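The values are calculated or read from the model by the stated rules, or taken from the named source; none is laboratory data. Source: prediction; values computed, not measured. Every residue, glycine among them, receives a Cβ derived from its backbone with ideal geometry; neighbour counts consider all protein chains shown. What goes into the accessible areas is simple: the full protein's heavy atoms, side chains included, and nothing from ligands, DNA or RNA. Shrake-Rupley method; radii C 1.70, N 1.55, O 1.52, S 1.80 Å.
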Amino acid sequence: QVQLVESGGGLVQPGGSLRLSCAASGSIFRVYAMDWYRQAPGNERELVAGLPRSGSIKYGDSVKGRFTISRDNAKNTVYLQMNSLKPEDTAVYYCRMEIATTLTSIKVDYWGQGTQVTVSS
């Protein structure tokens with residue numbers, strides 16, 4: 001069984017910074033893609049940043065130049081550094097990972113439980 005646990009959300013003033021973390025645990029052979037999504041009330045879930053195991057990083061247009069995604073493969077952890085936060089960044093942030101539990105198993109998507117980020121003065 002695999003679990004993803006997120007941390008780092010909270011309340012921050014406009015212009016401030018937060019760092020989100022998401023750690024995977026359980027029966028893991030390899031983690032492939034690691035992504036961050038967010039969902040604001042009344043909106044669809046959207047991709048914030050995507051980080052494949054190898055290849056180019058993808059950022060949503062609204063966060064380019066302000067957010068940075070990174071990963072620690074040894075710890076099966078993905079991070080999201082969020083700078084210059086704006087009220088419109090307020091949302092629940094979710095991590096997603098593509099994980100294979102054995103050498104021969106297929107990749108399966110796992111999601112974190114979500115962490116609230118609120119940007120307000």
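I need the full set of residues from the stretch 88-112 which are acidic (Asp, Glu) and open to solvent by 30 Å² or more (accessible area, probe 1.4 Å), in order please. Show your work before the answer.
Here is the first cut: in the stretch 88-112, the residues acidic (Asp, Glu) are 88-89, 98, 109.
Hits for the stretch 88-112 are Glu88, Glu98, Asp109.
Applying the condition of being of a type in the set (A, V, I, L, M) and under 21 Å from Ala100 (Cβ atoms) to the stretch 70-87 and asking which residue is surrounded by the fewest Cβ atoms within 10 Å (Cβ to Cβ) yields Ala74.
If I ask for residues that are part of a strand (DSSP E or B), within 10 Å of Tyr93 (Cα to Cα) and open to solvent by 30 Å² or more (accessible area, probe 1.4 Å), which ones from the stretch 8-46 would you list?
Taking the stretch 8-46 as the starting set, the residues that turn out to be part of a strand (DSSP E or B) are 10-12, 18-26, 30-39, 46.
Among the residues that remain, those that are also within 10 Å of Tyr93 (Cα to Cα) are: 20, 36-39, 46.
Result: Tyr37, Gln39, Glu46.
For every residue, the table says whether it meets (1) out of contact with any helix residue (DSSP H, G or I) (no Cβ under 7 Å at 6 or more places or on another chain); (2) modelled with pLDDT of 95 or more.
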site: Ser56; (1), (2): yes, no
site: Lys64; (1), (2): yes, yes
site: Thr68; (1), (2): yes, yes
site: Glu88; (1), (2): yes, yes
site: Ala91; (1), (2): yes, yes
site: Ser105; (1), (2): yes, no
site: Val119; (1), (2): no, yes
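Hey, among Ala33, Ala49, Ala23, which residue is farther than 17 Å from Thr118 by Cβ, in contact with a helix residue (DSSP H, G or I) (Cβ under 7 Å, 6 or more places away or on another chain) and modelled with pLDDT of 95 or more? The conditions single out Ala23.
When residues of the stretch 80-99 are filtered for being over 12 Å from Ala24 (Cα atoms) and assigned to a strand (DSSP E or B), how many remain?
So the first thing to find is which residues in the stretch 80-99 are over 12 Å from Ala24 (Cα atoms), and the list is 80-94.
Remaining after also requiring assigned to a strand (DSSP E or B): 80-82, 91-94.
Residues meeting the conditions: 7.
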